[in-house]
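S.K.: Pasting a structure below so you can have a look.
The values are calculated or read from the model by the stated rules, or taken from the named source; none is laboratory data. Remember, predicted model here, so these are calculated numbers, not experimental data. With ideal geometry, Cβ positions are generated from the backbone for all residues, glycine too; neighbour counts draw on all protein chains shown.
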Amino acid sequence: MADYLKYGDVIRLTNGYSGNWKGGYLCVGGPSHIDGGQDYVGTVSSLSGNETATQWIIVSPLNQKPKGQNVLSCDQILLQSAKDNSFLALFNNNANNGQNLDVATSGGLGGTGSVAWHIFIRSNPQNDPQLITEDQLFLLNSFNNGTGFLDTRGEGRSGFLYNVSASLLVDREGSGSGAWMITRG
């Protein structure tokens with residue numbers, strides 16, 4: 001039986017960079033350098049010492065969908081950090097070099113960043129639109145009439161494997177940098 005993920009579940013996201021799912025776990029770190037941002041966001045190669053910092057809670061915006069309801073492809077979701085209850089956010093749509101959009105966490109829902117993400121399941125063996133553990137997916141944020149797909153970019157700083165930003169392209173490098181695999185936290 002499929003392991004369906006529901007609103008309120010704690011998850012981890014692993015990046016698909018280089019097509020081998022070794023792009024690291026999405027993780028919160030120290031203070032963000034982005035105006036209005038709370039935590040720096042990057043990926044880490046190991047859960048050791050990062051157990052809580054790599055956990056995210058799937059939340060429905062404005063409680064449109066109740067806790068316990070299955071998450072579907074194309075749903076709009078919030079990702080809340082289990083470490084400090086901040087939300088994964090996109091902070092501008094002014095792409096640097098055409099693609100690099102700022103991502104950090106926001107301390108609340110009313111901040112300067114956009115915390116709502118659309119989840120798109122790439123595919124799964126069951127051909128099922130309900131989110132299942134180990135599904136491959138893309139996360140799209142809409143910000144002030146701009147958009148950005150969650151993506152890894154460049155060597156990480158402050159102990160991170162890679163930096164995390166958003167891109168105007170679904171899979172910026174064609175190498176899995178914009179693809180994520182979901183597992184239970």
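S.K.: Among the residues of segment 66-86, is there at least one that is of a type in the set (Ser, Thr, Tyr), touching a residue at least 40 places away in the same chain (Cβ under 8 Å) and part of a loop (DSSP other than H, G, I, E, B)? Give the derivation first.
M.R.: In the first step, residues of segment 66-86 are kept if they are of a type in the set (Ser, Thr, Tyr); the result is 73, 81, 86.
Next, only the ones that are touching a residue at least 40 places away in the same chain (Cβ under 8 Å) stay: 73, 81, 86.
Next cut, part of a loop (DSSP other than H, G, I, E, B) only: 73, 86.
The answer is yes, given that some residue of segment 66-86 is of a type in the set (Ser, Thr, Tyr), touching a residue at least 40 places away in the same chain (Cβ under 8 Å) and part of a loop (DSSP other than H, G, I, E, B).
S.K.: Also: Do we find a residue being farther than 21 Å from Gly113 by Cβ, assigned to a strand (DSSP E or B), aliphatic (A, V, I, L, M) and modelled with pLDDT of 95 or more anywhere in segment 164-184?
M.R.: There is at least one residue in segment 164-184 that is farther than 21 Å from Gly113 by Cβ, assigned to a strand (DSSP E or B), aliphatic (A, V, I, L, M) and modelled with pLDDT of 95 or more.
S.K.: For the subset of segment 139-157 comprising residues that are closer than 20 Å to Tyr40 by Cβ and at pLDDT below 85, which member is surrounded by the fewest Cβ atoms within 10 Å (Cβ to Cβ)? Spell out the reasoning first.
M.R.: Here is the first cut: in segment 139-157, the ones closer than 20 Å to Tyr40 by Cβ are 139, 141, 143, 148-157.
Next, from what is left, pick out any that are at pLDDT below 85: 143, 157.
Numbers: Phe143: 20, Arg157: 13.
Filtering segment 139-157 for residues that are closer than 20 Å to Tyr40 by Cβ and at pLDDT below 85, the one surrounded by the fewest Cβ atoms within 10 Å (Cβ to Cβ) comes out as Arg157.
S.K.: Suppose we keep only residues that are farther than 15 Å from Trp180 by Cβ and aliphatic (A, V, I, L, M) within segment 1-11. Which one would you say is modelled with the lowest pLDDT?
M.R.: Per the stated criteria, the residue is Met1.
S.K.: Return the total of residues in segment 95-129 being at pLDDT 90 or above, assigned to a loop (DSSP other than H, G, I, E, B) and aliphatic (A, V, I, L, M).
M.R.: Of the residues in segment 95-129, 2 are at pLDDT 90 or above, assigned to a loop (DSSP other than H, G, I, E, B) and aliphatic (A, V, I, L, M).
S.K.: Return the residues of segment 158-172 that are surrounded by fewer than 18 Cβ atoms within 10 Å (Cβ to Cβ) and either touching a residue at least 40 places away in the same chain (Cβ under 8 Å) or among the small types (Gly, Ala, Ser) (or both); say none if nothing qualifies. Reasoning before the result, please.
M.R.: Residues of segment 158-172 surrounded by fewer than 18 Cβ atoms within 10 Å (Cβ to Cβ): 158-159, 168-171.
Matches in segment 158-172: Ser158, Gly159, Leu168, Leu169.
S.K.: Ok, one more. Scan segment 31-61 residue by residue and report those that are at pLDDT 95 or above, of a type outside the set (Val, Ile, Thr) and in a loop (DSSP other than H, G, I, E, B).
M.R.: Listed by number, the residues that qualify are Gln38, Ser45, Ser46, Leu47, Ser48, Gly49, Asn50, Glu51, Ala53, Gln55, Ser60.
S.K.: Still on this structure: All but one of (1) surrounded by fewer than 16 Cβ atoms within 10 Å (Cβ to Cβ); (2) in contact with a Lys or Arg (Cβ under 7 Å, 6 or more places away or on another chain) hold for Gln136; state the number of the condition that does not hold.
M.R.: It is condition (1) that Gln136 fails.
S.K.: Go through the residues of segment 12-30 one by one and say whether even a single one is modelled with pLDDT of 95 or more, surrounded by 16 or more Cβ atoms within 10 Å (Cβ to Cβ), β-branched (Val, Ile, Thr) and touching a Leu at 6+ places or on another chain (Cβ under 7 Å).
M.R.: For segment 12-30, residues modelled with pLDDT of 95 or more, surrounded by 16 or more Cβ atoms within 10 Å (Cβ to Cβ), β-branched (Val, Ile, Thr) and touching a Leu at 6+ places or on another chain (Cβ under 7 Å): absent.
S.K.: I've got another one for you. Can you pull out the residues in segment 41-69 that are surrounded by 16 or more Cβ atoms within 10 Å (Cβ to Cβ), more than 13 Å from Val10 (Cα to Cα) and of a type outside the set (Gly, Ala, Ser)?
M.R.: Val41, Thr43, Val44, Asn50, Lys65, listed by residue number.
S.K.: Answer yes or no: is there a residue in segment 18-26 that is within 23 Å of Glu134 (Cα to Cα), within 12 Å of the chain's Cα centre (by Cα) and without any contact (Cβ under 8 Å) to a residue 60 or more places away in the chain.
M.R.: Scanning segment 18-26 turns up at least one residue that is within 23 Å of Glu134 (Cα to Cα), within 12 Å of the chain's Cα centre (by Cα) and without any contact (Cβ under 8 Å) to a residue 60 or more places away in the chain.
S.K.: If you go through segment 102-109 one residue at a time, do you hit one that is crowded, with 23+ Cβ neighbours inside 10 Å and either among the charged types (D, E, K, R) or at positive phi (or both)? I'd like the intermediate steps shown before the answer.
M.R.: Start the filter on segment 102-109 by keeping residues that are crowded, with 23+ Cβ neighbours inside 10 Å, which leaves 102-106.
Remaining after also requiring either among the charged types (D, E, K, R) or at positive phi (or both): 102.
Yes, because at least one residue in segment 102-109 is crowded, with 23+ Cβ neighbours inside 10 Å and either among the charged types (D, E, K, R) or at positive phi (or both).
S.K.: Taking segment 62-84, which residues are farther than 20 Å from Ile121 by Cβ and modelled with pLDDT under 95? Working first, answer last.
M.R.: If we filter segment 62-84 for residues that are farther than 20 Å from Ile121 by Cβ, which is where we start, we get 62-63, 66-67, 80-84.
Answer for segment 62-84, where residues must be farther than 20 Å from Ile121 by Cβ and modelled with pLDDT under 95: Leu62, Asn63.
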